[in-house]
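Presented below is the structure to which this report refers.
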Amino acid sequence: MSESMSEFGTGTTGFDGPDSTGHFGPYGGIFVGETLIAAVEELAQVYQELSNDDAFWAEYDSELKHYVGRPSPLYFAERLTAASGGAKIYLKREDLNHTGAHKVNNTIGQALLAKHMGKTRIIAETGAGQHGVASATVAARLGLECHVYMGAEDVVRQAPNVYRMKLLGANVVAVESGSRTLKDAMNEALRDWATNVDNTYYIIGTVAGPHPYPQLVRDFQCIIGRETKAQSLEMFGKLPDALVACVGGGSNAIGLFHPFLENKQVAMFGVEAGGKGLETGAHAAPLSAGKPGVLHGNRTYLMTDEGGQIQETHSVSAGLDYPGVGPEHAWLKDLQRVNYVAATDEEAMQAFHKLTRLEGIIPALETSHAIAFAMDLAASMGPDKNIVINLSGRGDKDIETVARIEGMKL
Amino acid sequence: MSRIKSISETAAAQGRKLLIPYLVAGDPDLGHSLGLMHELVRQGADIIELGIPFSDPASDGPVIQRGVERALAGGTSLADTLKLVSQFREQDSQTGIVLMGYLNPIEIMGYGRFVAAASEVGIDGLLVVDMPPAESSELHQRLHEANLDSIYLVAPTTSAIRAKAITEVCSGYLYYVSLKGVTGAALMDHESVASSINELRKLTDLPIAIGFGIKDADSAAAMGRLSDGIIIGSALVERIADMSPGAVNESDLVRSCEVIGAARAALDGLQEDKAASL
């Protein structure tokens, strides 16, 4: 036990990022208009101070315990394991968090930052609506004004979450520009921020954007990996052999992976949205099939055409429908520390049904991509091996989408 | 000496304010853009900022966003934008041309290829909205070696220390953003702009041009009084929005650019007022 516990350190010598200028190797950085530079630098300064302040983390931990309901369980999926036929599959139950996904780990942390900075107005972008709901939730709790930017396409796809945000008192702005999805919502949030920079805090929902966002969102999500480490040692006496998480922007994945980066024996798999198949071009898998470029404040892998225009993406899950990915993932790909793969819409749909029927857990469509890959991975590994899937969100928000795809009307 | 430097020195010697219109390359198509560029010069432009169409213009307001969408609908690329400048240069070697846009198209083309092509077709300077000096050293160095100007923005939120650092890497002219917000907004506060420009004057001898929110002769005169030049973007792009792709109608070009002609008259009026008061 003591030997295993020694692995439970948080040192990240080989994978220590970002550097002082916000770079993960060649990725990351600060690529925003001049008007926003002061705001981004102020945030970096405040975060650096607070992240060295035990009282700040005590406040954060207390929020997670009493408001979010952490720690979330690590659950042995016995019937899913039997159906896959191989390694034991465990689920890290982020779907049981308040608001139903991992997103709230981050919005709690950033709302505390906003409070410390004296900001009275919160803005956020959202794709599936999970981050929007998590932002509206913490804004309601802290009595802050909240505006959520959401692509007009997504407003239609995720109607229940739109209503949830409105119930929570948020103003939901349907974004009609560009492809009317998550990337356009982020453009619009950046425009709002540049206009209202004095009193506004922008809660970015994933590990992308200009420095320090990729760092601070990761730090707030690392609670997932830290708990998983302790729970793995408790449940099966060693670290997992493999970790699997879906990757859109990549916040749930980095939260699970990061505390394990130094543990070389732990294999890691980030599963991107393969859409209709990588060969069709209709997907949202920049790490699997894109190339490095610059978007939304950072250099990272992108879906971009020969002329440098950002391409429209496709995924059955709105939360993965984004042409970029967090810069730390780009770096971990190049370092070959994490394997990035893709699951198609169809594979995700099958996994959605499998988990629902085998375990009585309805997963988010985003998460279903990770489940699809993990079942194949489990089949290729022996029964003495252990896999942890980050069950990043619950699928209640997706039942209309699934019904529609399968020709049913609710 | 760079073309922009020579334009601004000549203008300064004559007491003339620089007039810098912005339009999106390929809006509504490349034929119109070429016609508009020549017409802008006829109506008094000294330098033209030519926007490189980009799918995600996060610093632009709705008017320029729509201009970019029209250009992209016609498939206009960075390569087309460079070709457009080359065509413009067949008839005009006097007017300054600054490319303005976002980094990704340049990054994907490759810095080396881009700077070589920009230099070849007769571009004078580059302003990349989402690339602050801290991220621009490699591209900046290449531009400098090719004798092209690197133009940077200073915003109302820019600290004095940072402004000083920006003036040290900036060449051509310094672009002062008159307000907090995106292009085309209209919330300028004259007094704060005036005091910011005064502070900048202490830091640099570079010409200072003011942009964001200048929409007519009155605002042109007001901002021209405070600076060495003004940039007009959204007010022009809004008029270009009335044009359709296809055959170019000369009188439409003239009409679209009248806002620039009016600004020219207003700026020249400042010069006469000054002369009269002496």
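Taking the Cβ of B:Glu9 as the center, what net charge do the other residues with Cβ under 15 Å away carry, scoring Lys and Arg +1 and Asp and Glu -1?
-1
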Next item on the list: Quick one: give the max-minus-min coordinate of the C-alpha atoms of the stretch B:1-50 along each principal axis, largest first, in Å.
Entry: 37, 22, 12
Check: Calculated FRET efficiency, B:Ala247 and A:Glu78, Cβ-Cβ r, R0 56 Å, to nearest 0.05?
Finding: 0.20
Check: Using alpha-carbon positions, what is the distance between the centroids of the stretch A:150-212 and the stretch B:1-43, in Å?
Finding: 37
Check: What average number of partner chain Cβ atoms lie no more than 10 Å from the Cβ of the residues making up B:103-111?
Finding: 6
Item checked: Positive-end extreme of charge dipole, the stretch B:34-86 - chosen from B:Thr81, B:Leu34, B:Gly61 (charges on Cβ) -> B:Leu34
Next item on the list: Return the lysines within reach of B:Lys17: Cα separation strictly under 28 angstrom, same-chain partners fewer than 8 residues apart disregarded; answer none if there are no such residues.
Entry: B:Lys5, B:Lys164, B:Lys180, B:Lys202, B:Lys215, B:Lys274
Next item on the list: Work out how far the C-alpha atoms of the protein assembly as shown reach from end to end along every principal axis, then list the three figures in whole Å, largest first.
Entry: 89, 53, 48
Note to self: Can you tell me which of B:Ile97, B:Ile161, B:Ile240 moves the most in a GNM of chain B? Springs connect C-alpha atoms under 10 Å apart.
What the structure shows: B:Ile161
Check: What are the lysines whose alpha-carbon lies under 17 Å from the alpha-carbon of A:Lys229, with same-chain residues fewer than 8 places away excluded?
Finding: A:Lys88, A:Lys92, A:Lys238, A:Lys264, A:Lys385
Check: Of the residues A:Met117, A:Met375, A:Met349, which exhibits the maximal mean-square fluctuation in a Gaussian network model of chain A defined by a 10 Å Cα contact cut-off?
Finding: A:Met117
Checklist line | Whole-number Å³ per residue for the convex hull built on Cα positions in the stretch A:35-79 | finding: 137
Notebook entry, point to check: Which value, in debye to the nearest 20, gives the size of the charge dipole of the stretch B:150-206 about its Cα centre, when Lys and Arg are +1 and Asp and Glu are -1 at the Cβ?
Noted result: 120
Next item on the list: Sum up the charges of everything whose Cβ sits under 13 Å from the Cβ of B:His190, counting Lys and Arg as +1 and Asp and Glu as -1, but leave B:His190 out.
Entry: -2
Check: Excluding same-chain residues fewer than 8 positions from A:Lys354, which aspartates and glutamates have a Cα within less than 17 Å of its Cα?
Finding: A:Glu78, A:Asp95, A:Asp345, A:Glu346, A:Glu366, A:Asp376, A:Asp396, A:Asp398, A:Glu406
Checklist line | Amide H contacts under 5 Å for A:Thr304, placed H, 5+ residues apart | finding: A:Lys291, A:Gln311
Item checked: For the stretch A:32-123, alpha-carbon Rg over 2.2 N^0.38 Å -> 1.50
Next item on the list: Would you calculate, for chain B, the mean residue ellipticity at 222 nm contributed by helices, counting each DSSP H stretch of 4 or more residues as -39,500 (n - 2.57) and dividing by all residues, to the nearest 500?
Entry: -15500 deg cm²/dmol
Checklist line | log10 of Debye I(q)/I(0), alpha-carbon scatterers only, for chain A at 0.12 Å⁻¹ | finding: -0.89
Check: B:Arg89 to B:Lys202: extension gain in nm, 0.36 nm per residue of separation minus the Cα-Cα distance?
Finding: 37.1 nm
Checklist line | Label-point gap, in nm, between A:Glu406 and B:Ala116 - each point 7 angstrom along Cα→Cβ | finding: 5.7
Next item on the list: Determine the sum of side-chain charges near A:Gly308: Lys and Arg each +1, Asp and Glu each -1, restricted to other residues whose C-beta is under 11 angstrom from that of A:Gly308.
Entry: -3
Next item on the list: Using the charge dipole of the stretch A:183-292 (Lys, Arg: +1 at Cβ; Asp, Glu: -1 at Cβ; taken about the Cα centre), state which of A:Pro292, A:Ala194, A:Gln215 has its Cα farthest towards the positive end.
Entry: A:Pro292
Next item on the list: Please figure out what share of the DSSP beta bridges in chain A is antiparallel and state it in percent, rounded to the nearest 5.
Entry: 30
Notebook entry, point to check: What whole-number value in cubic angstrom gives the convex hull volume per residue for the C-alpha atoms of the stretch B:18-151?
Noted result: 102
Notebook entry, point to check: How crowded by other chains is A:32-45, given as the mean number of beta carbons from other chains within 10 Å of each beta carbon?
Noted result: 6
Next item on the list: Give me Rg over Rh for the stretch A:331-410, both radii from the alpha carbons and Rh done the Kirkwood way, two decimal places.
Entry: 1.03
Check: What translational D, rounded to a whole number of µm²/s, comes out for the stretch B:119-170 from Stokes-Einstein when the hydrodynamic radius is the Kirkwood one over Cα pairs, at 10 °C and 1.306 mPa s?
Finding: 136
Checklist line | Exposed trypsin sites (Lys or Arg not before Pro) absent - longest run of chain A, DSSP non-H/G/I/E/B, at most 15 other C-beta within 10 Å | finding: A:1-237
Notebook entry, point to check: Using the Cα atoms of the stretch B:162-217 to build a convex hull, what is its mean projected area in square nanometres?
Noted result: 4.3
Check: Given a cut-off of under 8 Å on Cα pairs at least six residues apart, what relative contact order in percent is computed for the stretch B:89-133?
Finding: 58
Margin query: Give me, ordered by chain and number, the residues 5 or more places off B:Asp130 or on other chains with an amide H under 5 Å from its own placed amide H.
Written below: B:Leu103
Check: Using 0.36 nm per residue, how much length does the chain from A:Ala230 to A:Tyr163 gain when fully extended, once their Cα-Cα distance is taken away?
Finding: 20.4 nm
Next item on the list: List, in order, the whole-Hz ³J(HN,Hα) value for each residue of the stretch B:232-242 obtained from phi through the Karplus relation with A = 6.51, B = -1.76, C = 1.60 and θ = phi - 60°; use x for Gly and Pro.
Entry: 10, x, 4, 5, 7, 4, 4, 6, 5, 4, 6
Notebook entry, point to check: Considering amide H positions built from the backbone, and no H for Pro or chain starts, which residues 5 or more places from B:Gly44, or on another chain, come under 5 Å of its amide H?
Noted result: none
Item checked: Expected 222 nm ellipticity per residue - DSSP helices of 4 or more, -39500 (n - 2.57), all of chain A, to 500 -> -12500 deg cm²/dmol
Checklist line | From phi via Karplus (6.51, -1.76, 1.60), per-residue ³J(HN,Hα) for the stretch A:285-302 in Hz, x at Gly/Pro | finding: 10, x, 6, 7, 9, x, 8, x, x, 10, 8, 6, x, 9, 8, 6, 6, 9
Check: So, how do all the Cα-to-Cα distances of the stretch A:81-182 break down into 5 Å bins, in percent, from 0 on up?
Finding: 2, 13, 21, 19, 15, 10, 7, 5, 4, 2, 0
Note to self: Taking only the Cα atoms of the stretch A:249-405, how large is their convex hull per residue, in Å³?
What the structure shows: 121
Notebook entry, point to check: Between A:Asp396 and A:His98, what is the spin-label point distance in nm, taking each point 7 Å from the Cα along the Cα→C-beta axis?
Noted result: 1.5
Note to self: Can you work out the Karplus-derived ³J(HN,Hα) for every residue in the stretch A:323-328? Use 6.51 cos²θ - 1.76 cosθ + 1.60 with θ = phi - 60°, whole Hz, and x for glycine or proline.
What the structure shows: x, x, 7, x, x, 5
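Laboratory data are not the source of any read-out in this text; all were calculated from the coordinates shown. Quick caveat: nothing in here was measured; it's all calculated off a predicted structure. So basically every Cβ, Gly included, is an ideal-geometry build from the backbone, and we count neighbours across all protein chains shown.
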